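Q: Handing you this structure, nothing more for now.
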Amino acid sequence: MKISELSRCTGVPVASIKYFRREGLLPAGRATAATLAEYGDEHIHRLRLIKALTSLGGLSIAATRDVLAAVDRADTTDGTLGAISYALPVPVAEAPAGDPEREAEDEAAAGADVAELIAAMDWQVPVTSPHVGGLATALKQLRRLDPGYRPDGLVAYAELARSIARLDLERASTLDDAAALAERAVIVFALSAPVLELLRRLAQEDLVRRRTAECAVPEPETGGGADADADADADADSEVDAGGR
């Protein structure tokens, strides 16, 4: 297909396609003339991956180039997933720094919580993983804001996370094409957090509603309202008449 067709198929403007090509993100097409080239499905997949990395992943052009190079070097599914996972930003924002001594204490405590959790789960992850540091940052903030925080309660959540990760890898194993796998991985990594959070909130809403319904006290029966009162009065009159005879 020509570059104009490639643009229509992917929704990427021709100018952007040429820019990605100049920056080394997109391989050149097969030259058919001095100023013409043919593009194929591999260019469609690569453009979709570039869009996913820059739009969903929020990566710069330079970071996207590094990710694509890592994906191209990877010769296994795990290698592709690892390259994507390490490249995408860690979804934790560092809180404003406070008292230096307090900061150091909180950081050390959070780091110990993460180390204990990894040991309890027997996870084979290096301490240099960006996700280890990101989790420590999140737990440091959680320690400050949640008075009910208990590090031993993280294991139950980690077990659920492992089940989700297993599902992710099972789905990824069905994709043989590296470009398609990388594109799927970016979408899953970038969008799974809000999707999982919304599923969690829906589940909580369901449980709360069920508990509220179970705890609701039924209103006492009134016996039929005014008609019942009239019937009761009539019965009382009949008893009086019967007693009078």
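Q: Checking VAL217 against (1) part of a loop (DSSP other than H, G, I, E, B); (2) modelled with pLDDT of 65 or more; (3) not acidic (Asp, Glu), which single condition isn't satisfied?
A: The failed condition is (2).
Q: On to the next question. Residues that are without any contact (Cβ under 8 Å) to a residue 24 or more places away in the chain and not aromatic (Phe, Trp, Tyr): list the helices (runs of 4 or more DSSP H) wholly contained in segment 1-75 that include at least 3 such residues.
A: Details: elements: 3-10, 14-22, 41-51, 61-73.
So the answer is 3-10, 14-22, 61-73.
Q: Also: Looking for something assigned to a helix (DSSP H, G or I) and either touching a Ser or Thr at 6+ places or on another chain (Cβ under 6 Å) or under 30 Å from ARG8 (Cα atoms) (or both) - is there at least one such residue anywhere in segment 87-108? Please lay out each step first, then the result.
A: From segment 87-108, those assigned to a helix (DSSP H, G or I) are 87, 100-108; that's our starting set.
Next, only the ones that are either touching a Ser or Thr at 6+ places or on another chain (Cβ under 6 Å) or under 30 Å from ARG8 (Cα atoms) (or both) stay: 87.
Within segment 87-108 (the criterion being assigned to a helix (DSSP H, G or I) and either touching a Ser or Thr at 6+ places or on another chain (Cβ under 6 Å) or under 30 Å from ARG8 (Cα atoms) (or both)), the answer is yes, since at least one residue qualifies.
Q: Could you go through segment 113-134 and let me know if any residue there is among the aliphatic types (A, V, I, L, M), surrounded by 15 or more Cβ atoms within 10 Å (Cβ to Cβ), modelled with pLDDT of 90 or more and under 19 Å from the mean Cα position of the chain (by Cα). If you could, list the steps in order and put the result at the bottom.
A: At the first step, the residues of segment 113-134 found to be among the aliphatic types (A, V, I, L, M) are 114-115, 117-121, 125, 127, 132.
In the following step, the residues that additionally are surrounded by 15 or more Cβ atoms within 10 Å (Cβ to Cβ) were identified as 114, 117-118, 121, 132.
From what's left, modelled with pLDDT of 90 or more: 114, 117-118, 121, 132.
Right, trim to under 19 Å from the mean Cα position of the chain (by Cα) and you get 132.
Looking through segment 113-134, at least one residue is among the aliphatic types (A, V, I, L, M), surrounded by 15 or more Cβ atoms within 10 Å (Cβ to Cβ), modelled with pLDDT of 90 or more and under 19 Å from the mean Cα position of the chain (by Cα).
Q: Against the definition (in contact with an Asp or Glu (Cβ under 9 Å, 6 or more places away or on another chain), of a type in the set (A, V, I, L, M), surrounded by 17 or more Cβ atoms within 10 Å (Cβ to Cβ) and part of a helix (DSSP H, G or I)), how does LEU81 come out, yes or no? Break it down stepwise before answering.
A: On the way: in contact with an Asp or Glu (Cβ under 9 Å, 6 or more places away or on another chain): yes; of a type in the set (A, V, I, L, M): yes; surrounded by 17 or more Cβ atoms within 10 Å (Cβ to Cβ): yes; part of a helix (DSSP H, G or I): yes.
Yes, satisfied.
Q: Still on this structure, I have one more. Output the number of residues of segment 95-107 satisfying the condition of being surrounded by 12 or more Cβ atoms within 10 Å (Cβ to Cβ) and modelled with pLDDT of 85 or more. Steps first, please.
A: Going residue by residue through segment 95-107, those that are surrounded by 12 or more Cβ atoms within 10 Å (Cβ to Cβ) are 95, 103, 105-107.
Okay, now just the ones that are also modelled with pLDDT of 85 or more, so 105-107.
Here the count works out to 3.
The values are calculated or read from the model by the stated rules, or taken from the named source; none is laboratory data. None of these values were measured; they are calculated from a predicted model. Using ideal geometry, Cβ is built from the backbone for each residue, glycine included, and neighbour counts are taken over all protein chains shown.
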